[in-house]
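In what follows, a structure is listed as structure tokens, so that the remarks can point back to it.
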Amino acid sequence: MSRSQRLFDLLQLLRCHKYPVPAESLAQSLNVSTRTIYRDIATLQAQGAEIEGATGLGYIMKPTFTLPPLTLTTAELEVLVLGANWMAKQAEGRFSDAAQNAIAKISAVLPEYHNIKHQEQVMHIPSILEVPECPHLSEITQSIQSQHKAKITYLDKKDQHTTRIIWPILIGLFQQCYVLTAWCENRNAFRHFRLDRIQQYSLTHQKYPCHRRELLKDWRSQQGIKAEELRY
């Protein structure tokens, strides 16, 4: 592998991680020594790549850094288009315009001879199965983005109402419902709430005591629990 190709692959690896990646892990992925990674990181930084981190701490690329245009295979383009089509039909159409714009932009930059412009899709994305209406979806999204706590009134599967203070961090979309992952102050633990069972949702002026990134990291580390243990 040429050094230029290795530098490009290193950038690609960094793009795939939201958290600092140890040099040892990068070295293993590229089959080189950690000293080579240190030198390559320094080279990329000198060339303008906004990579943060240091020896022993790991490296992460700032989201403001963009790569030059990529050459994508037909399979990769099909995945992007399928993903955009799927998103266009989810979340009550919330992302429909953005997804269609993304598809149009992908198509616009492809040369006329590219295969994907001249063949029918092998896979089709049907409309999502009907899910219960979620009137608080916009408020929940706003509180996640602003990292504010929320007060909710929740109807559990036993038809009992409870009032809780939560730190909402993630919305999951399933075929039957939307599910909100949040830290629940009442239970002092992560809980999962069906959005259609949230009776009232009030955004508070209090922020999480820690960054959402840390909450997501802790939640993911606990995902060894069995599916039947998730409480809706």
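The values are calculated or read from the model by the stated rules, or taken from the named source; none is laboratory data. As the structure is a prediction and not an experimental result, all values here were calculated from the model. Glycine also receives a Cβ, built like all others from the backbone with ideal geometry; neighbour counts cover every protein chain displayed.
If you go through segment 138-177 and keep only what is among the hydrophobic types (A, V, I, L, M, F, W, C) and closer than 20 Å to Pro209 by Cβ, you end up with Ile140, Ile144, Ala150, Ile152, Ile165, Ile166, Trp167, Ile169, Leu170. Within the set Ala98, Ala150, the sole residue that is at pLDDT 65 or above and either in the same structural domain as Ala88 (by TED's automatic domain parsing) or farther than 30 Å from Lys207 by Cβ (or both) turns out to be Ala98.
If the Cβ limit is 6 Å and pairs must be 6+ apart or interchain, which residue in segment 184-209 that is assigned to a strand (DSSP E or B) pairs with which residue that is β-branched (Val, Ile, Thr)? Final answer for the pair search is Cys184/Ile166; His192/Val179; His192/Thr181; Arg194/Val179; Ile198/Ile152; Gln199/Thr153; Gln200/Thr153; Tyr201/Ile152. Kindly indicate whether any position in segment 33-55 is among the hydrophobic types (A, V, I, L, M, F, W, C) and in contact with a His (Cβ under 9 Å, 6 or more places away or on another chain). No: segment 33-55 contains no residue that is among the hydrophobic types (A, V, I, L, M, F, W, C) and in contact with a His (Cβ under 9 Å, 6 or more places away or on another chain).
Among the residues examined, Ile125 qualifies as outside any strand (DSSP E or B) and either surrounded by 14 or more Cβ atoms within 10 Å (Cβ to Cβ) or at pLDDT 90 or above (or both).
Step by step: first the residues of segment 1-20, then only those that are assigned to a helix (DSSP H, G or I) and among the basic types (Lys, Arg), then the one that is surrounded by the fewest Cβ atoms within 10 Å (Cβ to Cβ). Which residue is that?
Going residue by residue through segment 1-20, those that are assigned to a helix (DSSP H, G or I) are 3-15.
Next, from what is left, pick out any that are among the basic types (Lys, Arg): 3, 6, 15.
Details: Arg3: 11, Arg6: 16, Arg15: 13.
Per the criteria, the residue is Arg3.
Please go through segment 21-58 and pick out each residue that is over 26 Å from the mean Cα position of the chain (by Cα), surrounded by 12 or more Cβ atoms within 10 Å (Cβ to Cβ), outside any helix (DSSP H, G or I) and modelled with pLDDT of 90 or more. Residues satisfying the conditions are Val32, Ser33. Note on segment 186-223: residues that are of a type in the set (Gly, Ala, Ser) and under 24 Å from Asp156 (Cβ atoms) total 2.
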